[in-house]
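Everything below concerns the one structure shown next.
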Amino acid sequence: MTIFKRNPQNPIIVASDIKPSRSDWRVEYVINAGVITFNNETLLLLRVAEGPISNNYGDTFYSPCFDSKTGKIEYHEFDRNDPLNNFDDPRFVVRYDEVGNEVIRALSTISHLRVATSADGVNFSIMDTPAMFPANQYEQFGIEDPRITFINGKYYINYSAISPSGDATALAVTTDFINFERLGVIFTPDNKDICIFPRKINGKYYALNRPASEKFGAREMWISESSDLVRWGNHKLLYSCSNDDWGDSRNGCGAVPIETDRGWLEIYHAADRSDRYCLGALLLDINDPSKVIGRTSGPLFEPKERYELEGVFGNVVFCCGAVVDPESQILRIYYGAADTVIAMAETPLNNVLNETSML
């Protein structure tokens with residue numbers, strides 16, 4: 001399926017476009033941006049991953065983490081020459097014991113959120129400093145993958161908060177993307193891929209989420225309710241992994257649901273057993289979003305270009321945000337490609353709706 005047209009300038013944002021937050025660090029990759037229209041411009045909230053410059057040479061590798069007691073960045077040190085330390089996955093350093101059991105897994109980088117704005121949705125000006133940086137015990141290993149929802153004059157940002165306790169989801173709110181108020185953890189570990197609907201439905205807020213168990217169950221989309229955006233309950237399984245060959249391993253929400261005359265349109269991601277990530281679409285009932293009323297029969301968008309196939313973690317397209325132009329009704333998705341760069345693709349909104357078969 002090829003209804004999306006990739007922007008010819010792709011990738012539109014790469015690591016070298018971004019100023020490191022510290023002089024002794026470098027930006028390793030930029031991915032998975034939340035997106036919203038703000039002051040008549042496209043605003044991206046980027047996930048920026050950084051690490052020490054010295055990690056690119058020398059015998060010692062430094063894994064950064066935020067120490068909530070001191071309020072400073074500390075480092076786990078790993079000897080590159082020690083055969084018990086494994087550096088095969090560029091996202092992690094894994095320490096094994098002498099019989100092959102995993103002792104510790106540390107992130108290679110630490111992520112923060114950075115604001116970028118654009119008048120044309122393609123050429124972005126990127127702030128020199130972080131908008132949000134790890135700041136508490138739940139964010140020790142970084143803050144990742146934001147989604148932005150505009151409700152009643154405020155911009156609510158949910159994001160993954162990574163710590164030794166696992167992957168939690170936290171919520172922050174802003175009116176200007178300069179000052180941010182943290183509202184705390186709203187989904188406990190392990191739960192991520194959260195999208196909050198942009199208005200109340202029958203007096204309740206709704207959020208898509210993706211809980212995960214290390215021992216049982218698949219990683220699949222759920223839906224939850226709230227009266228205040230902070231306390232969530234009445235959790236229900238929304239959409240199970242498909243039986244086809246592109247989404248049989250896991251799925252999760254992508255962009256904030258878009259209200260249309262046919263229902264709530266959700267651009268979601270799914271992965272197969274080889275960890276190839278593609279995008280699909282669901283339609284949810286406009287008055288009861290716990291009901292799936294339509295879906296695409298195959299992937300709407302799949303990795304094909306070199307910048308999607310090769311990178312930190314290749315064969316991946318992963319969307320955290322989309323916008324619809326109110327006049328042209330063009331849908332733009334902003335997506336992380338190969339866990340390395342940010343790219344953009346677009347299509348008329350009706351093209352997506354027409355590919356979404358009613359159930």
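The values are calculated or read from the model by the stated rules, or taken from the named source; none is laboratory data. None of the values given here were measured: they were computed from a predicted structure. Cβ sites come from the backbone with ideal geometry, for glycine too, and all protein chains shown count toward neighbours. Quick note on the areas: whole protein, heavy atoms, side chains included, nothing else; ligands and nucleic acids left out. Shrake-Rupley method; radii C 1.70, N 1.55, O 1.52, S 1.80 Å.
Could we say that Tyr138 is more than 18 Å from Val256 (Cα to Cα), among the aromatic types (Phe, Trp, Tyr) and not in a loop (DSSP other than H, G, I, E, B) here?
Yes; evaluated as a whole, the condition is true for this residue.
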*State yes or no: is Tyr206 in a strand (DSSP E or B), at pLDDT 95 or above and of a type in the set (Ser, Thr, Tyr)?*
yes
*Output the residue which, of all residues in the range 191-202 that are open to solvent by 50 Å² or more (accessible area, probe 1.4 Å) and in contact (Cβ under 8 Å) with a residue 12 or more places away in the chain, is farthest from the chain's Cα centre (by Cα).*
Asn202
*Out of (1) part of a loop (DSSP other than H, G, I, E, B); (2) crowded, with 17+ Cβ neighbours inside 10 Å; (3) at positive phi, the odd one out for Gly217 is which?*
(2)
*Within the range 224-277, considering residues that are aliphatic (A, V, I, L, M), under 18 Å from Tyr334 (Cα atoms) and not in a strand (DSSP E or B), the one most open to solvent (accessible area, probe 1.4 Å)*: Val256
*asked:* Among the residues that make up the range 175-187, is at least one of them open to solvent by 10 Å² or more (accessible area, probe 1.4 Å), of a type outside the set (D, E, K, R) and touching an Asp or Glu at 6+ places or on another chain (Cβ under 9 Å)?
replied: no
*asked:* What's the number of the only condition in (1) open to solvent by 40 Å² or more (accessible area, probe 1.4 Å); (2) touching a residue at least 60 places away in the same chain (Cβ under 8 Å); (3) within 24 Å of Arg332 (Cα to Cα) that Ala131 fails to meet?
replied: (1)
*Mind listing whichever residues of the range 300-339 are touching a residue at least 24 places away in the same chain (Cβ under 8 Å), out of contact with any helix residue (DSSP H, G or I) (no Cβ under 7 Å at 6 or more places or on another chain), open to solvent by 10 Å² or more (accessible area, probe 1.4 Å) and not in a helix (DSSP H, G or I)?*
Glu302, Glu305, Glu310, Gly311, Val312, Phe313, Gly314, Phe318, Ala322, Val323, Arg332, Asp339
*Give me the pairs: first residue in the range 147-173 and at negative phi and open to solvent by 20 Å² or more (accessible area, probe 1.4 Å), second residue polar (S, T, N, Q) and assigned to a strand (DSSP E or B), beta-carbon distance under 9 Å, and six or more apart or on different chains, which are they?*
Phe150/Thr37; Lys154/Thr174; Tyr155/Thr149; Tyr155/Thr174; Tyr156/Thr149; Tyr156/Thr174; Asp167/Ser160; Asp167/Asn191
*Output the number of the condition that Thr109 fails; it satisfies all remaining conditions of (1) under 25 Å from the mean Cα position of the chain (by Cα); (2) exposed (fewer than 14 other Cβ atoms within 10 Å of the Cβ).*
(2)
*Residues within the range 340-359 that are open to solvent by 10 Å² or more (accessible area, probe 1.4 Å) and either in contact with a His (Cβ under 7 Å, 6 or more places away or on another chain) or of a type in the set (Gly, Ala, Ser) (or both), tallied*: 1
*Thr296 is checked against (1) at pLDDT below 95; (2) touching a Lys or Arg at 6+ places or on another chain (Cβ under 9 Å) and fails just one. What number does that condition carry?*
(2)
_So in the range 54-91, with the set limited to residues that are open to solvent by 60 Å² or more (accessible area, probe 1.4 Å) and assigned to a strand (DSSP E or B), which one is nearest to Phe313 (Cα to Cα)?_
Tyr62
_Residue satisfying condition, being of a type in the set (Gly, Ala, Ser) and under 22 Å from Gly321 (Cβ atoms), within set Ser63, Ser118_ = Ser118
*Go through the range 278-299 residue by residue and tally those that are in a loop (DSSP other than H, G, I, E, B) and either aromatic (Phe, Trp, Tyr) or surrounded by fewer than 23 Cβ atoms within 10 Å (Cβ to Cβ) (or both).*
9
_Yes/no for Val173 being hydrophobic (A, V, I, L, M, F, W, C) and in contact with a Phe, Trp or Tyr (Cβ under 9 Å, 6 or more places away or on another chain)_ = yes
*Please specify each residue of the range 112-128 satisfying the condition of being surrounded by 14 or more Cβ atoms within 10 Å (Cβ to Cβ) and touching a residue at least 60 places away in the same chain (Cβ under 8 Å).*
His112, Leu113, Arg114, Val115, Ala116, Thr117, Ser118, Gly121, Val122, Phe124, Ile126
